Every structure is written in structure tokens, then in C-alpha cells.
1. Examine the stretch 180-193 for a residue that is touching a strand residue (DSSP E or B) at 6+ places or on another chain (Cβ under 9 Å), open to solvent by 60 Å² or more (accessible area, probe 1.4 Å) and within 25 Å of THR31 (Cβ to Cβ), and state whether such a residue exists.
2. Is it the case that VAL198 is closer than 22 Å to SER100 by Cβ, modelled with pLDDT of 85 or more and surrounded by 18 or more Cβ atoms within 10 Å (Cβ to Cβ)?
3. I need a count of the residues in the stretch 149-167 that are of a type outside the set (Gly, Ala, Ser) and either open to solvent by 40 Å² or more (accessible area, probe 1.4 Å) or more than 22 Å from THR41 (Cβ to Cβ) (or both).
4. Keeping to the stretch 56-105, report how many residues are over 23 Å from GLY135 (Cα atoms), hydrophobic (A, V, I, L, M, F, W, C) and outside any strand (DSSP E or B).
5. Kindly provide the set of residues from the stretch 129-146 that are in contact with a strand residue (DSSP E or B) (Cβ under 8 Å, 6 or more places away or on another chain) and open to solvent by 20 Å² or more (accessible area, probe 1.4 Å), ordered by number.
6. Return the residues of the stretch 1-48 that are touching a strand residue (DSSP E or B) at 6+ places or on another chain (Cβ under 6 Å), open to solvent by less than 30 Å² (accessible area, probe 1.4 Å) and at pLDDT below 90; say none if nothing qualifies.
7. Out of everything in the stretch 106-124 that is farther than 16 Å from ASN61 by Cβ and not in a loop (DSSP other than H, G, I, E, B), what residue ends up being least open to solvent (accessible area, probe 1.4 Å)?
8. Answer yes if at least one residue in the stretch 63-78 is of a type in the set (S, T, N, Q) and within 20 Å of the chain's Cα centre (by Cα), and no otherwise.
Amino acid sequence: MKNFTFAVLAVAAVAATAGTATAANVVANPTLQSGSFSGTTVANARFRTDATNWDIGIGPNSSPPTGWVTKNIANGQGAFTGDWSFVLSHSAGSDTLTLSVSHLSGSLGTHSVTFNNFDTSFNQIQLQSQSDAGGAVSFSSFSFTGLDVANAGSINIDNSGGQGLAYLVSTGVDLVSFDWTIGGSLSWLDQAAGERPVFNIRLQQSDAVAAPVIPTPLAGGLGLAGMGLIVARRRRA
């Protein structure tokens with residue numbers, strides 16, 4: 001009977017490790033089981049810099065103007081260098097996406113835009129930052145709330161003179177069906193006068209399928225401990 005008990009404990013522990021593969025609704029930067037991150041953009045929120053225009057916007061495709069809601073913050077790049085906070089929020093009940101930004105190291109205040117009637121299925125969120133040669137964008141306090149996320153600590157889209165990319169991939173839920181927010185802070189330094197997005201948050205439909213999440217050390221340890229108990233018991237017998 002004792003041998004049977006140890007065996008049951010071991011099997012349960014191993015089963016617990018397998019169960020961690022589907023515990024999260026979203027996986028950050030997953031190893032893909034199949035498919036690719038290449039997807040169709042169904043909505044895009046962006047924060048953009050230009051020599052004569054700094055704006056925020058949300059639209060149903062990769063870039064304005066078709067179908068986009070935008071708001072000009074001010075003109076001239078010099079005032080915008082510094083620290084900002086941002087939040088992109090989705091309301092499933094009202095079918096809206098709202099992007100808000102606040103200038104933390106200046107006097108440009110808080111600005112927001114809302115995209116209405118958004119009800120298109122998607123399973124992936126692409127995060128992209130961009131800067132010119134000599135420029136840099138760095139992020140802190142990144143958060144994704146409203147759904148369980150695995151490997152959230154792997155999100156890093158800091159860059160220097162280039163771009164940073166990261167992905168959040170659904171493990172089987174339609175992300176348009178939930179309320180969620182993406183937020184954080186960014187520090188921006190630009191050296192050129194050209195137009196470019198400082199960051200994009202693209203909602204996409206792709207064929208990406210996340211591989212099972214690596215079991216937690218605790219669950220894995222339980223499985224190994226259970227098997228060890230069986231071996232020890234057999235030796236004593």
C-alpha cells in the first residue's frame with residue numbers, strides 16, 4: 001500500500017508539471033511549437049516623433065492615415081526628449097482601445113486617444129521600439145494586466161540606434177474578449193530630425209502556437225522527489 005501511495009504522489013507531481021504548460025493565458029517571447037510571429041495587424045497604437053510633429057494614434061492597420069485616430073502633442077523634437085509613461089487599455093465591453101501618455105520630465109502633460117468599435121479577433125501582441133543612429137529608447141516598469149502571463153520578465157525592447165522587438169502570444173484565448181492593459185515608462189533620446197515611431201503596440205492575428213511553458217522549479221522538484229521516494233522504497237524492500 002505504501003509503495004502505491006508513493007507512486008500516486010509521484011504521478012501527481014509529474015502531472016502537475018505538465019499542467020503548468022497551460023496555466024497562463026499569454027506567453028511572453030515563447031519558443032514556438034508551430035507557425036511564426038508574422039501576422040496580420042488588426043490594430044496598432046503608436047507614439048511618434050517628427051521634426052515638426054509629435055503625436056499619438058491608434059488605427060486598424062500598420063500606419064496612418066486610413067482609419068486612424070490621432071492627436072498632435074506639440075511641434076519640435078527638443079521638448080520631447082525625456083521620460084514618459086504610457087498605458088494602452090482594451091475594454092471588451094465597450095469595444096474600445098485607449099492610448100494615454102504623460103510627460104514625466106517636462107510640461108507637456110497627459111494626452112490620450114480612443115479607437116472605437118474595435119471587435120476583431122487577435123492572438124498576438126507585437127511590441128516594437130525604434131530610434132535613429134545615436135538615439136536610444138529604454139523602458140521600465142513594463143506591465144501586462146488582466147490576463148495571466150508566463151515569462152513576463154523576458155520583455156525587453158530597449159534599443160540604441162535600431163529597434164527592439166518582443167511578443168505576447170495567446171495560449172488559446174481570443175484576446176479581444178478580455179479587458180487588459182499594457183503599460184510602463186520610457187526614456188527617449190533622439191539625435192536626428194526624421195520621422196519615426198518611438199514605439200508601436202500592434203495587435204495581430206498569426207498562426208503562432210506557443211510551445212509548452214517550462215515547468216516551475218517547485219513542480220519539477222516535486223516530480224523528481226516523488227520518483228526518488230519510489231526508488232528508495234524499492235531498495236529498502
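1. Among the residues of the stretch 180-193, not one is touching a strand residue (DSSP E or B) at 6+ places or on another chain (Cβ under 9 Å), open to solvent by 60 Å² or more (accessible area, probe 1.4 Å) and within 25 Å of THR31 (Cβ to Cβ), which makes the answer no.
2. The answer is no for VAL198.
3. The number of residues fulfilling the criteria is 6.
4. 2
5. Selection gives GLN130, ALA136, SER138, PHE139, SER140, SER141, PHE142, SER143, PHE144, THR145, GLY146.
6. Listed by number, the list holds a single entry, PHE47.
7. Only one residue tops the list, namely HIS111.
8. Yes, the conditions are met somewhere in the stretch 63-78.
The values are calculated or read from the model by the stated rules, or taken from the named source; none is laboratory data. Remember, it's a predicted structure, so these values are computed and weren't measured experimentally. A quick note on method: Cβ atoms are made from the backbone with ideal geometry, for glycine too, and the neighbour counts reach across all protein chains shown. Side chains are part of the model used for accessible areas, which takes the heavy atoms of the whole protein and leaves out ligands, DNA and RNA. Shrake-Rupley method; radii C 1.70, N 1.55, O 1.52, S 1.80 Å.
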